[in-house]
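Student: This is the structure, below, for whatever I ask next.
Every number here is computed from the coordinates shown, using simple stated rules; none is lab data. None of the values given here were measured: they were computed from a predicted structure. In this analysis, Cβ positions are derived from the backbone assuming ideal geometry, glycine residues included, and neighbour counts consider all displayed protein chains.
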Amino acid sequence: MSELINLTAADLAAKLASGEVSSVEATRAHLDRISAVDGELHAFLATDAERSLAAARSVDERRAAGEDLGALAGVPLAVKDVLVTTDMPSTSGSKMLEGYRSPYDATAVAKARAAGLVNIGKTNMDEFAMGSSTENSAYGPTFNQWNTERVPGGSGGGSAVAVGAFEAPLALGSDTGGSIRQPAALTGTVGAKPTYGGVSRYGAIALASSLDQIGPCARTVLDTALLHDVVVGHDRHDATSLDMQWPSMAEAARGGVDPSTLKGLRVGVVKQLMLDGAQAGVKSRFEEALALLETQGAEIVEIDAPHFEYAVAAYYLILPAEASSNLAKYDSVRFGLRVSPEGGGTVESVMSETRAAGFGAEVKRRIILGTYALSAGYYDAYYGSAQKVRTLIQRDFANAFDRVDVIASPTAPTTAWKIGTHDADPMQDYLNDATTIPANLAGIPGLSLPIGLAAEDGLPVGLQLMAPAFEDARLYRAGAAVESLIADRDGRAFWQQSPMFGAVNVEGGAR
Ligand code: GLN
């Protein structure tokens, strides 16, 4: 049954719908794959074969009973550990929540379950989604399936590797400053950050609530769109959730398979996102992708967005400020671990020892920074100024979208780096998000898809497309068109070029 893992979600769904394969078979094939390769990749923090197979069996029974199931019914789904689920522990990559069992499912997970998707496991992530490499996970890093000495990006490295290594056809992630798009780029997979409010955040363990967004990860643009369609939509449990009708993202992606859809598309290239320090092989793959777009009649327009230069600085005030407040509840009383000092201690010493033991270095760094930025006397100077910069960045986007339909940039300035290289300097991690952070500050949608390998290291390069708020479908249409042009150029789909494609176990695959 191992060939089942090499199918796209769309193709697997078709076989499930026709009865050619059962969800139990598809789920077992992916669980076997996880057993075979995850010892080396560590994309998953938790699996529960029995529960996953029971869920699959019940989908098969519903289908047999003639129930009208969703387009992806029976397809396995990996879930980033930032989303709470009842069936497995939910830790957000932190010791603070080790073994935590949620009494309810996050809305995105509940919607996926209702659509017949089968949760196959919880994926590894930087602690509380703080990071760009998954090295900040309290449970150890995830390894990039293209080269296991390299990081997979972060914070959602687990979800990206799970789909990239054929351990799951689909995964859910969260993107606060790039945590879906940047790992997609570094692992040669596809990921989308929806318009803010498009997908419910209910049950997503909060990092920075004004920036967090849940979204889909997969190996193809169409698969990503299919999962987007399942999780998008209004939720009364999330006050920021948008109450509107969304067009079908999958239909948009299918439309994009004809590259003539690019004719007349105005594609903005923002000067400030073409970073001086970007890797040469990333730049040249990006230039090639623009040239491909031009051959199809797209128009490339240079855009000036003067305030993007301050995006990373503003983000690293707004995010820690919101995070310090969101993480205050992990105090051993309301939530989380409890460490009791010898002899009992005071309430305060229990809380402080718990927080000292439960949080990792990066989380502590951000809580301290955020608390400082919000403190009386500094609020206006730091948080207030950052909010003003945020408004200016939103205006830069609005001006840009007066002139163009989409904005294109490299998703990340570099390919995947060696594990451990940024240990001494978190700033290196922060700068890897310079290209993805502006979309979060503005609440607009972004999509990353692979466009080839960098010449100098043979590692994947991602293209980021951004569109105005609510125009997510535009990204899927354009993204699918680029994807098919890249496949034509290379003679096969990018995901079929993965060293792990077709490999039943990791030997002869990764490295
Ligand atoms: N890498 C960014 C950070 O460390 C983004 C994180 C995210 O999107 N969750 O904050």
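Student: Can you compute the helix-only [θ] at 222 nm over the chain? Use -39500 (n - 2.57) per DSSP H run of at least 4 residues, normalise by all residues, nearest 500 deg cm²/dmol.
Tutor: Only helices count here, giving -12000 deg cm²/dmol.
Student: Once the Cβ-Cβ distance between Lys283 and Ser210 is put in as r, and R0 is 35 Å, what FRET efficiency do you end up with, to the nearest 0.05?
Tutor: With a Förster radius of 35 Å, E is 0.65.
Student: Give me Ser132, Ser179, Ser137, Ser102 sorted ascending by neighbouring Cβ count inside 10 Å, so fewest comes first.
Tutor: Ser102, Ser137, Ser132, Ser179
Student: Please sort 279-288, 75-84 by packing, taking for each peptide the average over its residues of neighbouring beta carbons within 10 angstrom, highest first.
Tutor: Put in order of decreasing packing, that is 75-84, 279-288.
Student: Between Arg62 and Asp490, what is 0.36 nm times their sequence separation minus the Cα-Cα distance? Round to one decimal in nm.
Tutor: So the chain would gain 150.0 nm between Arg62 and Asp490.
Student: All other residues with a Cβ under 11 Å from the Cβ of Glu251 taken together, and with Lys, Arg as +1 and Asp, Glu as -1, what is their net charge?
Tutor: Summing Lys/Arg as +1 and Asp/Glu as -1 gives +1.
Student: For a protection proxy built on the mean count of beta-carbon atoms within 10 angstrom, sort 231-241, 120-130, 32-42, 106-116 highest first, please.
Tutor: Descending packing order for the listed peptides: 120-130, 106-116, 32-42, 231-241.
Student: Here's something else I'd like to know. Positive end of the dipole of the chain, charges at C-beta (+1 Lys, Arg; -1 Asp, Glu), about the Cα centre: which of Ala49, Pro103, Thr142 has its Cα farthest in that direction?
Tutor: Pro103
Student: Rounded, prolate or oblate: pick one for region 412-502, where a ≥ b ≥ c are the square roots of the eigenvalues of its C-alpha gyration tensor, a/c under 1.5 means rounded, and failing that, prolate if a/b is larger than b/c, else oblate.
Tutor: Oblate, since a/c reaches 1.5 and b/c is not below a/b.
Student: Would you mind calculating the relative contact order of region 391-476 from Cα pairs under 8 angstrom and at least 6 residues apart, reporting the percent as a whole number?
Tutor: RCO, region 391-476: 37 percent.
Student: Same structure, new question: How large is the charge dipole for the chain, taken about the Cα centre, if only the Cβ atoms of Lys, Arg (+1) and Asp, Glu (-1) carry charge, to the nearest 20 debye?
Tutor: The calculated dipole for the chain is roughly 540 debye.
Student: Within a Cβ distance under 12 Å of Leu12, other residues only, what is the Lys/Arg minus Asp/Glu net charge?
Tutor: Residues near Leu12 contribute -3 overall.
Student: Also, quick follow-up: Amide H to amide H, which residues 5 or more places from Ser174 or on other chains are under 5 Å from it, using H placed in the peptide plane?
Tutor: Answer set, sorted by chain and number: Gly215.
Student: Sticking with this structure for a sec: What number results when the radius of gyration of region 158-202, computed over Cα atoms, is divided by 2.2 N^0.38 Å?
Tutor: 1.13
Student: Hey, another quick one. If I stretch the segment between Ile368 and Arg101 completely, what's the gain in nm (0.36 nm per residue apart, minus their alpha carbon distance), one decimal?
Tutor: So the chain would gain 93.3 nm between Ile368 and Arg101.
Student: Find, to one decimal place in angstroms, the Kirkwood hydrodynamic radius of region 1-151, where the mean of 1/r is taken over every pair of different Cα atoms and then inverted.
Tutor: The answer is 16.0 Å.
Student: How long is the gain from Lys271 to Ser352 if the chain were fully straight, where each residue apart is worth 0.36 nm and the alpha carbon distance is subtracted?
Tutor: Fully extending the segment from Lys271 to Ser352 adds 24.6 nm.
Student: For Lys364, go through the aspartates and glutamates and keep the ones whose alpha-carbon is under 12 Å away, minus same-chain ones fewer than eight residues off.
Tutor: Glu127
Student: At 1.567 mPa s and 4 °C, plugging the Kirkwood radius over alpha-carbon pairs of the chain into Stokes-Einstein gives what diffusion coefficient in µm²/s?
Tutor: 58 µm²/s
Student: Among the listed pairs Lys111/Lys263; Lys95/Lys283; Lys95/Lys388; Lys193/Lys263, which have their C-alpha atoms separated by more than 27 angstrom in this model?
Tutor: Correct reply: Lys111/Lys263; Lys95/Lys283; Lys95/Lys388.
Student: Just want the ordering: Leu227, Leu447, Leu463, Leu7, from fewest to most Cβ atoms lying within 10 Å of their own Cβ.
Tutor: Exposure proxy ranking, most exposed first: Leu7, Leu463, Leu227, Leu447.
Student: Using alpha carbon centroids, what distance separates region 244-299 and region 432-457, in Å?
Tutor: When both Cα centres are located, 12 Å separates them.
Student: OK, next. Using the count of nearby Cβ atoms within 10 Å as a rough guide to exposure, how do Val151, Val163, Val482, Val347 rank from fewest to most?
Tutor: Starting with the residue having the fewest Cβ neighbours, the order is Val347, Val482, Val151, Val163.
Student: Right, here's the next one. Find out how many positive minus negative residues lie around Gly93, taking Lys and Arg as positive, Asp and Glu as negative, among other residues whose Cβ is under 12 Å from that of Gly93.
Tutor: Spelling it out: positives minus negatives among the neighbours equals -3.
Student: Among Ala311, Leu369, Val75, which residue has its Cα furthest toward the positive end of the charge dipole of the chain, with +1 on Lys/Arg Cβ and -1 on Asp/Glu Cβ?
Tutor: Leu369
Student: Taking the convex hull of the Cα atoms, report for region 359-479 its projected area averaged over all directions, in nm².
Tutor: Average projection, Cα convex hull of region 359-479: 9.9 nm².
Student: Another one. Using a Förster radius of 22 Å, what is the FRET efficiency between Thr240 and Ser375 based on their Cβ-Cβ separation? Nearest 0.05, please.
Tutor: 0.25
Student: Compute the distance in nm between two label points, each set 7 Å from the Cα along the Cα-to-Cβ direction, one at Ala398 and one at Glu251.
Tutor: 3.0 nm
Student: Is any residue of region 190-229 close enough, with backbone N under 20 Å, to a label point placed 7 angstrom from the Cα of Asp258 along the Cα-Cβ axis, and if so, which?
Tutor: 221-223
Student: What FRET efficiency comes out for Ser385 versus Met427 if R0 is 22 angstrom and r is the Cβ-Cβ distance? Round to the nearest 0.05.
Tutor: Working from the Cβ atoms, E equals 0.65.
Student: Highest first, please rank the peptides 92-100, 14-22 by the mean number of other Cβ atoms sitting within 10 Å of their residues.
Tutor: Top of the packing list down: 92-100, 14-22.
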